[in-house]
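The values are calculated or read from the model by the stated rules, or taken from the named source; none is laboratory data. A quick note: this is a predicted structure, and the numbers were derived from the prediction, not measured. With ideal geometry, Cβ positions are generated from the backbone for all residues, glycine too; neighbour counts draw on all protein chains shown.
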Amino acid sequence: MAAKAVNKNEQVFKKNELETWDRENVAGGKGMFSGKFSFTRNNAKPEYTIKEIGWMTLLPGDFLGVHAHTDNEDSYIVISGVGEFTDNDGVVTKIEAGDITITRAGQSHAIKNIGEEPLIFLDIVAKDSEAKK
């Protein structure tokens with residue numbers, strides 16, 4: 001994925017201009033973790049709190065493996081589909097449209113599509129720009 005320069009004053013990101021960042025078998029998972037992003041951690045300005053925000057899609061049976069977030073927080077807002085969210089303690093919870101998850105810095109998580117339709121969710125990664133100063 002080519003990094004797109006981010007306009008510091010840009011506040012609207014039109015769907016036909018979002019950048020694609022697809023990753024396969026992430027964190028020991030299975031399948032394609034497909035994303036359409038306003039910007040990603042690869043091109044977010046250091047002073048931004050939100051480092052990444054995008055529409056994510058997991059196809060039926062695909063999953064993102066358990067992985068840790070050491071210095072950022074990751075939140076999912078489920079738009080459609082049915083999934084399983086594995087939290088930091090290994091507890092698996094069914095998630096569906098309207099549910100929100102959050103993984104704090106120092107915690108781990110995973111997500112799996114257990115339905116028959118694509119699992120679509122917003123992924124928001126944030127980091128306090130003051131945290132590591």
Test: residue in region 59-74 that is modelled with pLDDT of 95 or more and of a type in the set (Ser, Thr, Tyr): no
Tally, over region 35-84, of residues that are aliphatic (A, V, I, L, M) and outside any strand (DSSP E or B): 2
Quick check on Ala68: is it of a type outside the set (Phe, Trp, Tyr), closer than 16 Å to Val26 by Cα and exposed (fewer than 15 other Cβ atoms within 10 Å of the Cβ)? yes
Can you confirm whether Gly115 is surrounded by 15 or more Cβ atoms within 10 Å (Cβ to Cβ), in contact with a Gly (Cβ under 9 Å, 6 or more places away or on another chain) and in a loop (DSSP other than H, G, I, E, B)? yes
The conditions are (1) β-branched (Val, Ile, Thr); (2) exposed (fewer than 15 other Cβ atoms within 10 Å of the Cβ); (3) modelled with pLDDT of 95 or more; (4) within 24 Å of Asp128 (Cβ to Cβ), and Thr93 fails exactly one of them. Which is it? (4)
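This table checks each residue for (1) under 15 Å from the mean Cα position of the chain (by Cα); (2) without any contact (Cβ under 8 Å) to a residue 40 or more places away in the chain.
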residue	(1), (2)
Gly61	no, no
Asn72	yes, no
Ile79	yes, no
Asp89	no, yes
Gly98	no, yes
Ala105	yes, yes
Ile111	yes, no
Can you find, within region 85-100, the residue that is nearest to Lys36 (Cα to Cα) among those that are assigned to a strand (DSSP E or B) and either among the aliphatic types (A, V, I, L, M) or touching a His at 6+ places or on another chain (Cβ under 7 Å) (or both)? Ile100
Please find, among Thr20, Thr57, the residue that is of a type outside the set (Lys, Arg), touching a residue at least 12 places away in the same chain (Cβ under 8 Å) and crowded, with 18+ Cβ neighbours inside 10 Å. Thr57
Is it the case, given these coordinates, that Thr57 is among the polar types (S, T, N, Q) and closer than 18 Å to Gly31 by Cβ? yes
